[in-house]
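Okay, structure first, notes after.
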Amino acid sequence: MNILIKEGRVLDPASKTDKVIDVLIKDGFIAAVEENIDESQADEVIDASGCMVMPGLVDLNAHFREPGLEHKETIRTGSRAAARGGYTTVCMMPNTKPVIDNVDMLQYVTDKAEEVTDINLYTIAAMTAGQEGEYLTDFEALKDAGAVAVSDNGGTIMNARTARQAMRQAAEVDIPVFAHCEDTNLAARGVMNAGERAKELGLFGIMDAVEDVIVARDILLAKNTGAKLHISHVSNKESAFIIKIAKEQGIPVTAEVAPHHFTLTEDAVNGDDANFKINPPLRKADDVKALKEALASGVIDVIATDHAPHHPTEKERPFDEAPFGVVGLETAVPVTITELVRTGVLTPLQMVEKMSYNPAKILGIDRGVLAPGKVADITVVNPTEEYDIDSNRFASKGKNTPFEGKHVYGKVLYTLVNGRVVYSDHNGTEILIEREVPKL
């Protein structure tokens, strides 16, 4: 089917395009990006007046939980959430049960993804067997089988010698390392940011240094080995400063921040609602300010969701017993527009750069560009539509959002993958178009 997206504000960081223009899609590819394209060339016309038209969003950090934790999320439900949130490409983290630490497990997840969804799903493989931080996996075999990066996300390789060996092997294979930076010894029993708020609530705190010392260590190891290092979910000003210095020295490091970290502070934690229990934790107001500045300056390259769904009963436990993590695929766009674009922290073009173009570059995939000849992965967003976030409408199994009831601007109206509409919200009617899955 040929589709014409008419009169939208096209945002393409690769060409620095930011103008009202038409986009014609033919046979799954972008055929033209120009003014006044004749509607007779299309089988379907999407009126994008007043909307932002951008290359499909790319998420570098999501937990789809399958296999082994399907009560929290599945590849199918996670993909539905991604499509509803405007994401056409998602990287799945390896901390499943069993862990994705070998070719057979990676192939299982790849086959499952091809079976149940039309969005682009990539797998990040574990760096160590069982993510136990001891024995390195076979990076070369995992890359050959389709892994786009390696990570022990959800944990950290605490032995510096093993971490260096991992970086060296990653450099030899030319595969990125995605680092979850947490000194587990320093973290101890912490459940929220260390400070006065934790003392008021009688909860054990997680100090900034829990993150900072591993950020610094891994950057130095990347410098030593030449590994491509990506720092996941940066949460505080000290880590942002360390990354800034590293970039100034030419060390190959990139970094991401999640919407909850550039929006919320420790003051949101009341000790009763575990939907605010996140690792790394919500920090202080000056950290939020520093993260916004780091995004605006380019020190932080990417906005990622760190989508971490849990079953409602798990998040209903007492705060210190509940698991860490919040969902984010269906709230990232409106929260980013509300907190960063409408406030002038980022331009719309910069937002697209952080949410599509830069993530695609880090992965080394041919996505994140809206130009003739490119695959038609496209997201259409109405930036002025306002509403209150309602987790009951989420496609994800996880409803554990810290943004419940938040008044936001920006709604995804269309998500197209390979030139096919997989999600639409037209006049208040939402349609998720999925691949048919044979019943057993």
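In the chain, Cα pairs under 8 Å separated by at least six residues give a relative contact order of 20 percent. What percentage of the solvent-accessible surface of the chain, computed with a 1.4 Å probe over protein heavy atoms, is contributed by carbon and sulfur atoms? Carbon-and-sulfur percentage of accessible area, whole number: 48.
Take the alpha carbon gyration tensor of the range 78-234, find the square roots of its eigenvalues, order them as a ≥ b ≥ c, and report rounded if a/c is under 1.5; if not, report prolate when a/b exceeds b/c, else oblate. Oblate. Here's the list of lysines a cross-link from residue 199 could span, going by alpha-carbon distance under 19 Å and ignoring same-chain residues fewer than 8 apart: 277, 284. What percent does the relative contact order of the range 139-266 come to when contacts are Cα pairs within less than 8 Å and at least six residues apart? Value for the range 139-266: 23 percent.
Could you identify which residue out of 66, 140, 211 has the top mean-square fluctuation in a GNM of the chain using Cα springs shorter than 10 Å? Ranking 66, 140, 211 by mean-square fluctuation puts 140 first. Computed over protein heavy atoms with a 1.4 Å probe, the accessible surface of the chain works out to 39 Å² per residue. Ranked by solvent-accessible area (1.4 Å probe, protein heavy atoms only, all chains present), the residues 87, 409, 135 order from largest to smallest as 135, 409, 87. DSSP beta bridges confined to the chain are antiparallel in about 55 percent of cases. Here the range 1-66 and the range 237-255 have alpha carbon centers that stand 34 Å from each other. Taking 17 Å as the straight-line reach from the Cα of residue 19, the lysines in range (excluding those fewer than 8 positions away in the same chain) are 6. Using a Gaussian network model of the chain in which every pair of alpha carbons under 10 angstrom is joined by a spring, one finds that among 202, 68, 78 the greatest mean-square fluctuation is at 202. Overall shape: oblate for the range 365-440, with the ratio a/c of the largest to smallest alpha carbon gyration tensor axis at 1.5 or above and b/c at least equal to a/b. Here residue 72 is the anchor, and the aspartates and glutamates within straight C-alpha reach of less than 12 Å, apart from those fewer than 8 places off in the same chain, are 314. Computed over neighbours whose Cβ is under 9 Å from that of residue 383, the net charge equals +2, Lys and Arg +1, Asp and Glu -1. Calculated mean residue ellipticity, 222 nm, the chain: -7500 deg cm²/dmol, from DSSP H runs (n ≥ 4) at -39500 (n - 2.57) each, averaged per residue and rounded to 500.
Seen from every direction in turn and averaged, the convex hull around the alpha carbons of the range 56-363 projects onto 14.0 nm².
Exceedance of the 32 Å cut-off in Cα-Cα distance is limited, within the set 143/289; 289/374; 228/289; 237/406, to 143/289; 289/374.
The values are calculated or read from the model by the stated rules, or taken from the named source; none is laboratory data. A quick note: this is a predicted structure, and the numbers were derived from the prediction, not measured. Note that we place each Cβ from the backbone using ideal geometry, even for glycine, and neighbour counts take in every protein chain shown. We work out accessible area using only protein heavy atoms, side chains counted, and drop any ligands, DNA or RNA first. Shrake-Rupley method; radii C 1.70, N 1.55, O 1.52, S 1.80 Å.
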